[in-house]
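Participant: This structure is in structure tokens; I'll ask about it shortly.
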Amino acid sequence: MKSLEELRAIREKMQKQIDIRENSADDIRVVVGMATCGIAAGARPVLTAFLEEVAKRELKNVTVTQTGCIGVCRLEPIAEVYVPGEEKVTYVKLTPEKVPRIVAEHLVNHNPVTEYTIGAAE
Amino acid sequence: MKELSLHILDIAQNSIAAGAKHVDLTVEEGEGLLRITVADDGRGMSPEFLASVTDPFTTTRTTRKVGLGLPLLRLAAEQTGGGLRVESRLGVGTTVTAAFRADHIDCPPLGDTASTVSLLAQGLPEGMELTYTRRTPRGEFRFDTAEIRAVLGPDVPLSEPEVAEWMRGYVAEGEEGLA
């Protein structure tokens with residue numbers, strides 16, 4: 001049963017990590033398009049998969065955020081990955097199954113998964 | 001959209017874009033009807049914009065000249081013999097109500113409301129709160145991000161993946177047995 005006690009435990013665990021996080025300049029951002037086009041194409045399970053993977057691997061330097069229409073509706077679901085000091089990478093036609101590989105190879109090991117990018121799709 | 005909960009996720013984005021401080025989501029079921037309400041205190045719409053708001057060629061988006069969120073919801077509701085109502089006042093807010101005949105063959109399933117609610121909460125802008133109320137003949141479940149924030153304190157945001165996961169499980173378990 002999900003209790004508020006469990007939530008308090010998460011808070012305590014997180015608070016211990018906050019100091020570490022504030023000192024890190026290498027914050028990675030994952031932005032998932034959540035406009036009508038994205039949602040209709042299946043962005044919800046993709047966003048859920050990113051959150052699950054990041055939580056599972058306890059990646060403290062990764063934030064997962066949402067945005068509106070990115071502008072290439074026919075290639076939704078789309079996620080953009082911003083790694084400081086590196087070029088933005090746009091992933092297209094995502095599925096939840098593709099997410100663990102992006103998290104492992106790109107967010108952790110800094111090797112973008114080229115075959116899922118907009119460059120490969122166009 | 002294959003699930004009504006995806007429409008809720010979509011329509012609630014309009015409340016976020018409208019700069020609302022609160023958005024209240026309600027799903028009520030009973031007597032063969034299913035009613036979804038998305039009510040916000042955002043900037044609202046002018047009577048002119050409101051009059052054409054379910055026209056696909058009316059939108060606030062800047063990347064395209066079409067907006068399909070409300071038209072798709074209206075279509076989904078009307079296909080079941082229900083309908084869509086949008087009330088709005090400039091500077092006061094907007095309330096979208098969609099009614100569905102739950103027993104109609106074209107009524108989509110409600111779907112994964114727990115994902116919709118937890119992801120909306122995860123992506124809420126600073127200073128905005130969300131409530132979700134699910135009411136069925138079997139009872140009521142209520143979720144309020146203000147209460148969750150009170151437990152988390154000022155340092156741990158709702159956007160934390162672990163918190164989002166917890167919220168999803170919490171809503172899913174809270175709704176269990178209500179359907």
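Participant: Please find, among A:83, A:92, the residue that is under 25 Å from residue B:112 (Cβ atoms) and open to solvent by less than 20 Å² (accessible area, probe 1.4 Å).
Facilitator: A:92
Participant: Right, something else. Of all residues being of a type in the set (Gly, Ala, Ser) and within 22 Å of residue A:29 (Cβ to Cβ) in region B:145-172, which is nearest to the other protein chains (Cβ to nearest Cβ)? Just the residue, please.
Facilitator: Result: B:164.
Participant: I'm told residue B:142 meets every condition in (1) in contact with a Ser or Thr (Cβ under 6 Å, 6 or more places away or on another chain); (2) more than 7 Å from chain A (Cβ to nearest Cβ); (3) under 20 Å from residue A:3 (Cβ atoms); (4) surrounded by 15 or more Cβ atoms within 10 Å (Cβ to Cβ) except one. Can you identify the failing condition by its number?
Facilitator: (4)
Participant: Just to verify a result, which residue in region A:56-71, among those that are more than 20 Å from residue B:9 (Cα to Cα) and aliphatic (A, V, I, L, M), is surrounded by the most Cβ atoms within 10 Å (Cβ to Cβ)? Walk me through it before giving the result.
Facilitator: Kept after step one, since they are more than 20 Å from residue B:9 (Cα to Cα), are these residues of region A:56-71: A:56-63.
Next, only the ones that are aliphatic (A, V, I, L, M) stay: A:59, A:62.
Details: A:59: 17, A:62: 22.
In this case the residue turns out to be A:62.
Participant: One residue is enough: does region B:44-54 have a residue meeting the conditions away from every other protein chain (no Cβ under 14 Å), part of a loop (DSSP other than H, G, I, E, B), at pLDDT 90 or above and open to solvent by 60 Å² or more (accessible area, probe 1.4 Å)?
Facilitator: No, the conditions are met nowhere in region B:44-54.
Participant: Now for a separate question. Give all pairs with beta carbons closer than 7 Å in which a residue from region A:47-67 that is farther than 17 Å from residue A:10 by Cα meets a residue that is open to solvent by 30 Å² or more (accessible area, probe 1.4 Å) and in a strand (DSSP E or B); count only pairs at least 6 apart in sequence or on separate chains.
Facilitator: Between residues of region A:47-67 that are farther than 17 Å from residue A:10 by Cα and residues that are open to solvent by 30 Å² or more (accessible area, probe 1.4 Å) and in a strand (DSSP E or B), the close pairs are A:47/A:66; A:65/A:29.
Participant: Give region A:68-83 a look and list any residue that's within 13 Å of residue A:108 (Cα to Cα) and either assigned to a loop (DSSP other than H, G, I, E, B) or in contact (Cβ under 8 Å) with a residue 60 or more places away in the chain (or both), or say none.
Facilitator: A:83
The values are calculated or read from the model by the stated rules, or taken from the named source; none is laboratory data. What you see is a predicted model, and the numbers here were worked out from it, not measured in a lab. Cβ atoms come from the backbone with ideal geometry, glycine included; neighbour counts cover every protein chain shown. To get the accessible areas, we keep the full protein, side chains included, count just its heavy atoms, and leave off ligands, DNA and RNA. Shrake-Rupley method; radii C 1.70, N 1.55, O 1.52, S 1.80 Å.
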